[in-house]
1. Looking only at the range 364-392, count every residue that is of a type in the set (S, T, N, Q) and more than 23 Å from Leu274 (Cα to Cα) and tell me the total.
2. Working only within the range 107-124, note down all residues that are surrounded by 11 or more Cβ atoms within 10 Å (Cβ to Cβ) and either acidic (Asp, Glu) or not assigned by TED's automatic domain parsing to the domain that holds Arg214 (or both).
3. Out of the range 129-165, which residues are under 14 Å from Tyr94 (Cα atoms) and within 16 Å of the ligand (Cβ to nearest atom)?
4. Would a scan of the range 75-85 turn up a residue that is in contact with a His (Cβ under 8 Å, 6 or more places away or on another chain), within 12 Å of Tyr132 (Cβ to Cβ) and either within 15 Å of the ligand (Cβ to nearest atom) or in the same structural domain as Ala127 (by TED's automatic domain parsing) (or both)?
5. Scan the helices (runs of 4 or more DSSP H) fully inside the range 29-92 and keep the ones with 3 or more residues being in contact with a Gly (Cβ under 8 Å, 6 or more places away or on another chain).
6. Would you confirm, using the coordinates I've provided, whether His156 is surrounded by 22 or more Cβ atoms within 10 Å (Cβ to Cβ) and closer than 25 Å to His252 by Cβ?
7. Collect the residues in the range 311-345 that are within 16 Å of the ligand (Cβ to nearest atom), touching a residue at least 24 places away in the same chain (Cβ under 8 Å) and of a type outside the set (Ser, Thr, Tyr), keeping them in residue-number order.
8. Would you check if Thr360 is surrounded by fewer than 22 Cβ atoms within 10 Å (Cβ to Cβ) and within 26 Å of Met446 (Cα to Cα)?
Amino acid sequence: MATSDQVLVASNRGPVGFTPAEDGTLVAKRGGGGLVSGLGALGDHAGTWVCAALDDGDRQAVGRAGGGLLDPADTDGRAVRMLDIPAETFDAAYNGIANSVLWFVHHMLYQSPLEPLFDHHFEEQWAGYERYNAAFADALAAEAEHGARVLVQDYHLSLVPGMLRERRPDLRIGHFSHTPWAPAECYRMLPDDTARAVLRGILGGDRAAFLTWRWAKAFADCCRDLLGAEVVDRGHELHLTVDGETTRVGVHGLGADGDFLRERSHRPDVDERLAVLRRQVGDRRTIVRVDRTELSKNIVRGLHAYRRLLHRHPEWHDRVVHVAFAYPSRQDLAIYREYTEEVSRVADGINAEFGRDGWTPVVLHVKDDFARSLAAYRMADVALVNPIRDGMNLVAKEVPVVSDDGCALVLSREAGAFADLGEDALVINPYDLAGTADALHRALSMTPEERADRTKRLAAAATALPPTAWFLAQLHALDER
Ligand code: G6P
């Protein structure tokens, strides 16, 4: 049978989401990101994108689509099959295992002596995670032509490659991790069966890929430790063999979409927001950060470091504004809601301590607005990107591309982007408040010439592998044997 050119993608979050309007209609909101742009490069070879319904709006859209293949008018003509996984199963898989266990392990967020507790709730959630992964494997198996290629995304779907291989041995299956991978001594915190099941799930594909070598090597270490994998370093790839089956492991460091960003950041809606921000900031310097309000982004410590800067360097009083955009994320989880509150509390505290008539030291916005984010990138003198750990961090790559006059980048050494941008960024330990405050001071004090030079080099490094090239690189690598 001829091998198909079809390419399928599977991810938890799809390229579109739906919100019910008051008149009963559903408003489609399209997402951006590397996968959406990457798929565009495939033209006619793009097969179906399989994703999950994330909320009631999505479920209604699936109901109306009768079977889940969404109306092409809502998806830019792309074939998107949205799975209406029972709400309890989805909750167990997404909020439970994916975001409260695997995300925590890979980002090393467990800090309390009482957590994690792998009790019977965890076991029920794990069963939900297996059902959720099986629903994806079933849908992909039903959708794929003979010999099609399937690109499975992220920690939500780590069991899918193995499950799909059982159902359809003819397919070529790749898995891509957008997160860091935990070092073996942290990963081993998972119950042994779970830890092995996740590794075996990913190894069930032909190839597994990561954003940096650091994460790829950590994955290989875990496979060696927990499964006795034999690891052979082939230079451009690692070959991992367990029970006679070999899975290739590679790296593709997703970059910023330079062409899109340069065009998008000069549209009138961005210009309008830029004018508003400039009025707010006046002739002061700006330190900008833009994040989802995500525990791993380290927003609270970033604010404490800024407070430290104002204490240690009173010369910056009334001469700098910290523009912080922290957009809501995963609000079903109490710890994310608490973190969101803490961000506001600490920002208010800094304003109460240092603010004076005409100067608000921290301008915090929590309502997601992409055009305003781009406006902030354009005007930033300094960008603060200080995650505890991060698979890549695209903000670090987007700012230098969009910046009008050059922007100094203060970057955590624990972000994947450090591998690509480390030379021209001011590199920090994300836990070190004094060190971060010093880096902010250095960044604010940099001459315009040095800033512009560094920004030029950062922008070149940041766009080395834009989303289309990143996506095609994964596909071509999957074809190699
Ligand atoms: C990270 C993950 C993605 C995820 C995104 C947003 O970047 O790697 O898979 O889609 O966060 O998180 P959310 O839970 O809102 O989808």
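The values are calculated or read from the model by the stated rules, or taken from the named source; none is laboratory data. Predicted model only: the values in this text are computed from it and were never measured. Neighbour counts are summed over all protein chains in view; Cβ atoms, including those assigned to glycine, are modelled from backbone coordinates with ideal geometry.
1. 1
2. Looking only at the range 107-124, we keep the residues that are surrounded by 11 or more Cβ atoms within 10 Å (Cβ to Cβ), and these are 107-110, 115-116, 118, 121-124.
Across the range 107-124, the qualifying residues are Glu115, Glu123, Glu124.
3. Across the range 129-165, the qualifying residues are Tyr129, Tyr132, Asn133, Phe136, Gln153, Asp154, Tyr155, His156, Leu157, Ser158, Leu159.
4. Looking through the range 75-85, none of the residues is in contact with a His (Cβ under 8 Å, 6 or more places away or on another chain), within 12 Å of Tyr132 (Cβ to Cβ) and either within 15 Å of the ligand (Cβ to nearest atom) or in the same structural domain as Ala127 (by TED's automatic domain parsing) (or both).
5. Those helices (runs of 4 or more DSSP H) span 56-65, 87-91.
6. yes
7. Within the range 311-345, Phe325, Ala326, Pro328, Arg330, Asp332, Leu333, Ile335 qualify.
8. Details: surrounded by fewer than 22 Cβ atoms within 10 Å (Cβ to Cβ): yes; within 26 Å of Met446 (Cα to Cα): yes.
So Thr360 passes the test.
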